1. Can you tell me which residue among A177, A211, A201 is outside any helix (DSSP H, G or I), over 16 Å from Y69 (Cα atoms) and touching a residue at least 12 places away in the same chain (Cβ under 8 Å)?
2. Counting only residues that are over 19 Å from the mean Cα position of the chain (by Cα) and buried (at least 22 other Cβ atoms within 10 Å of the Cβ), how many does region 309-333 have?
3. Taking the stated definitions as given, is L301 more than 17 Å from D219 (Cβ to Cβ) and either in contact (Cβ under 8 Å) with a residue 12 or more places away in the chain or part of a helix (DSSP H, G or I) (or both)?
4. Hey, among the residues in region 134-159 that are open to solvent by 10 Å² or more (accessible area, probe 1.4 Å) and in a loop (DSSP other than H, G, I, E, B), which one's nearest to G299 (Cα to Cα)?
5. Please tell me if D162 is open to solvent by 10 Å² or more (accessible area, probe 1.4 Å) and at pLDDT 95 or above.
6. If G189 passes every condition in (1) open to solvent by less than 10 Å² (accessible area, probe 1.4 Å); (2) farther than 21 Å from A68 by Cβ; (3) not hydroxyl-bearing (S, T, Y) but one, which one does it miss?
7. What do you reckon, is G235 at positive phi and not basic (K, R)?
8. Give Q193, Q183 a once-over and let me know the one that is under 18 Å from A298 (Cβ atoms) and over 15 Å from the mean Cα position of the chain (by Cα).
Amino acid sequence: MTATALVADTAVPFAARGPLSDAVIRALTGAGGDAEHSALALGAVAESVDVIRDDDIQVALFLLYSSAYGSLPGLDADLEWDPHLLTTRRILEDAFERAVRESVPMPELPEPTVDAVGRALFALAAADTGPSLSRYFAKKATREQAEEMLMQRSVYTLREADPHSWAIPRLTGRAKAALVEIQADEYGGGRPQRVHAVLFANAMRAAGLDATYGAYIDDVPAITLASFNMMSMFGLNRRLVGAIVGHLAAFEMTSSIPCKLYADGLRRLGFDQDVMEYFDEHIEADAVHEQIAARDLAGGLAEDRPELLADIMFGAAACLTIDGLSGAHMLDAWAAGESSLRGSVPA
């Protein structure tokens, strides 16, 4: 057994994907490594040909963000604010943010008013006409591909709403009220059994999958981790509050209809009702949320703080672009008769 596998087996439910992520696991679990991870981060960034799809970098970022969320119990809580680990996170974040900004086409900026921003966001979402994973899923996906979809989504959805909740203390007035209204629904409206992350965990178990957080990190590609890491980066950095607001607006606008199509596909494949319930819940909820997110949250924030307008639109465009890359990865793999998961045999 390699050292990398040994650390992964005893601390987190997945393996490192290179020397950087191995060093970060060791540091976050108190297993040693001192501050060598910062030097490794500089080297990884310098040598990477694509930071967004770099396995070692994205796993390392995922681990560093997991420390802030508390989503992996094997990480030492006393190390959440370790200055050496924060230095490493900043090195990786700077490179990741640059890569995302270079990859995302920046939309034209509207006037910073509720109506103009709302219209611009809906137009941006409507212009996203790339290949649709959900349309494929409704009519063509196999049962094995359905299981892959659930595994891929588990990286975010077992923590659903959490990345956007970091923005709550950074907002004021109507934008804050709008975000809290959305998040209250996401967290079940006071009913623990209706928390959306709980509904998704139920769906995974009903599909015969493991609902333990992190159980499928070994199986998902770097682009899936990058989608979640981008949310975490936007949410955890106060200077990017506009980006996380824009991200949520685009996320909600592109959820309701796709969730109906996912539910249709799952029914076609004969999955248990507990699997469909998560998607059924989002058909109506997100149709309401998209209006609140586009106008009251994003539009209200732009009107109150026009200096954040560019980042609001960037965050929305980044959501559509990076999630589009993740969806394209799955569609391309399935079209080739292959699995979308790492290290899998052809489907």
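1. Just one listed residue meets the conditions, A211.
2. Result for region 309-333: 1.
3. Judged against the criteria, L301 is a match.
4. R159
5. The answer is yes for D162.
6. That leaves (1) as the condition not met.
7. Considered against the rule, which asks whether it is at positive phi and not basic (K, R), G235 comes out as no.
8. Going through Q193, Q183 in turn, just one is under 18 Å from A298 (Cβ atoms) and over 15 Å from the mean Cα position of the chain (by Cα): Q183.
The values are calculated or read from the model by the stated rules, or taken from the named source; none is laboratory data. Quick caveat, the model's predicted, so the values are computed rather than measured. We place every Cβ from the backbone using ideal geometry, glycine too, and count neighbours over all the protein chains shown. Only protein heavy atoms, including side chains, enter the accessible area calculation; ligands, DNA and RNA are left aside. Shrake-Rupley method; radii C 1.70, N 1.55, O 1.52, S 1.80 Å.
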